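First comes the structure, then the notes that go with it.
The values are calculated or read from the model by the stated rules, or taken from the named source; none is laboratory data. Quantities reported herein were computed from a predicted structural model and do not represent experimental measurements. Neighbour counts are summed over all protein chains in view; Cβ atoms, including those assigned to glycine, are modelled from backbone coordinates with ideal geometry. Heads up: the accessible areas ignore ligands, DNA and RNA and are worked out on the full protein's heavy atoms, side chains in. Shrake-Rupley method; radii C 1.70, N 1.55, O 1.52, S 1.80 Å.
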Amino acid sequence: MHLPVNPQLTLPDLLVIKELLSQDEQENGHSNKDTIEMLKSLNETSDPDFDPTVFQLWETHLLREKLPRPIRQDLLEPYIRWAQDIVRFPTDVVVVTHLLLYLTTTIPSALWLFNHFSWIHGLLHWIVHVWYTGSYTLMKHQYIHMNGVLASRYHLVDLLFPYILDPFMGHTWNSYYYHHVKMHHVEGNGPRDLSSTMSYDRDSIADFARYVGRFFFLVSLELPWYFIRKGQYSTSFKTAFWEFSNFLAIALLFRYDAQATLCVFLLPLWTLRVGFMAGNWAQHAFVDPRDPSSDFKSSITLIDVASNRFCFNDGYHTSHHLHPRRHWREHPVALLRDQERYSDEQALVFQNVDYFMLTVNLLRKNYAHLAQCMVPIGAEQRAMSLEQREDLLRSRTRRFSGLHLEQNSGSKRR
C-alpha cells in the first residue's frame, strides 16, 4: 500500500518515517520514545551523537565515517568549529556554507554579466539561481522567524546580508517578512489571509491560475492595503517603501543594462513569485471543512528529500504553524512527540512527494497517487483503504462558500 522509503532522506526523516510505518504493522501500545531520544541526541551538543548540518547533499556523520582522516581532521572539523563560532545555533553550520556559496558564485557571476553579458551565461545564471532559491528562501524563512541566523557578535553581517542577496534570489527587500510573518501567520490561511486557499478548488487548474495571478500582479498593492485595513499604518508604509524601492533599483539597473538585469533580477523575481504560490497552494491544499481553523487540519507534513534535505525541513509545515519560532532541526522530534494530537486531529502526513509535485498531482486530480503517498498517523487512518484515503483527500480540497468563510474568519485554533 505504501511507496518505498526513499534512502536519500535525511537521517531524522528516515527515523521518523520508519517509526511511523513500523506502527502501521504493530499492535496499539507501541512506544516511540526510543526514536524520540535518538532524534534529540542528534541536536544536543553534549551528546556523542550530535550531528550538525554542514552540507545539504551529505550527512555529517557519513562524511566523518568516509572521508580520509587527513581531510576530516585538517579540513572538515576545523571548518565546523570555525562556522559554529559564527552561527547562532551549533547545528547550523550549513548557513555559513550557503553564505560562502553565494559570495563566491552569485555575486561574481552577476558582476561578470553586467560587464561581459552573453545569453548563454545569463540563462545559466538564472537556471542555477532557480536551484539556489529554494534553499536560500527557507534559510531566510528561519531568519525572519528567529530575527537572524548568526551569532550576536556578527549582528551587522546578519542585518545586512539579506539586503545584498535577496534581490539576486528573487526577493524584494523585507517583503517576505511582512507577507509571511506579519500577515500569513497572523491569519493562518483564514479568509483574511491574502494567500488563503479557502476560496479555491485546490484541484482546479483555472482556480490555481487565478490564485497565482492574483499574487503575481496584485500583492505589491494588496499587502500595504491589508495593513491599512488593520490600522497598522506604519507597517503599511514600510511594506510599500521596501517593495517599491526595490522595484526602483531594478528599474534603474534595467536602464543601465536591460539584458543583465533581466537574467540577474527579473527572471528570479518572476520565478520566485510563481514558486511561492505553487508551494503555498500545496501547503494549505487540504483544509477540513468541519474545522478549518485548526492548524492540524489546514496544513500538512511532507517527509521528502526536496523539502527537508534541501530546504531546512520545510516539509514539517504543520509543526511550523503550531510553533512558528521552532528551530528547523526540532520539527522531526516535535512530530513524534505530538503524534497523539496529530492522530486525534486527523492531520495529514505524506512521503515521497514534494510541494511542487503535490500541486501537479492535485491539478491532475491524481488522488490515487496522493493516497499512496499518505503515511497513516493513527489507528483511524491505518484502517482506511486506499479508496477511503482518496475520498478523505478529495473532501478537503473543495472551496468554501462565502457564508462558510465569514463564519470561519476568526483566529486560528492550535
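Laid out as a table, the results:
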item	result
Single condition T91 does not satisfy, out of (1) assigned to a helix (DSSP H, G or I); (2) within 20 Å of F310 (Cα to Cα)	(1)
Qualifying residue in the range 308-322 (condition: modelled with pLDDT of 95 or more, open to solvent by 10 Å² or more (accessible area, probe 1.4 Å) and within 22 Å of L363 (Cα to Cα))	yes
Matching residues, the range 250-259, being more than 27 Å from the chain's Cα centre (by Cα) and assigned to a helix (DSSP H, G or I)	A251, L252, L253, F254, R255, Y256, A258, Q259
Qualifying positions in the range 154-208 - among the charged types (D, E, K, R), touching a residue at least 60 places away in the same chain (Cβ under 8 Å) and open to solvent by 50 Å² or more (accessible area, probe 1.4 Å)	R192
Test set (1) farther than 18 Å from H327 by Cβ; (2) in contact with a Leu (Cβ under 8 Å, 6 or more places away or on another chain); (3) of a type in the set (D, E) - D85 fails condition number	(2)
Candidates E77, E65 - the one that is open to solvent by 50 Å² or more (accessible area, probe 1.4 Å) and in a helix (DSSP H, G or I)	E65
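Each row is one residue, and each column tells you yes or no for (1) over 18 Å from the mean Cα position of the chain (by Cα); (2) in a helix (DSSP H, G or I); (3) β-branched (V, I, T).
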position	(1), (2), (3)
L248	yes, yes, no
V264	yes, yes, yes
P268	no, yes, no
A285	no, no, no
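Rundown of residues vs (1) among the charged types (D, E, K, R); (2) touching a Cys at 6+ places or on another chain (Cβ under 6 Å); (3) open to solvent by 10 Å² or more (accessible area, probe 1.4 Å), yes/no style:
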position: A83; (1), (2), (3): no, no, no
position: P90; (1), (2), (3): no, no, yes
position: Y102; (1), (2), (3): no, no, no
position: T106; (1), (2), (3): no, no, no
position: A110; (1), (2), (3): no, no, no
position: F114; (1), (2), (3): no, no, yes
position: F117; (1), (2), (3): no, no, yes
position: H125; (1), (2), (3): no, yes, no
position: H129; (1), (2), (3): no, no, no
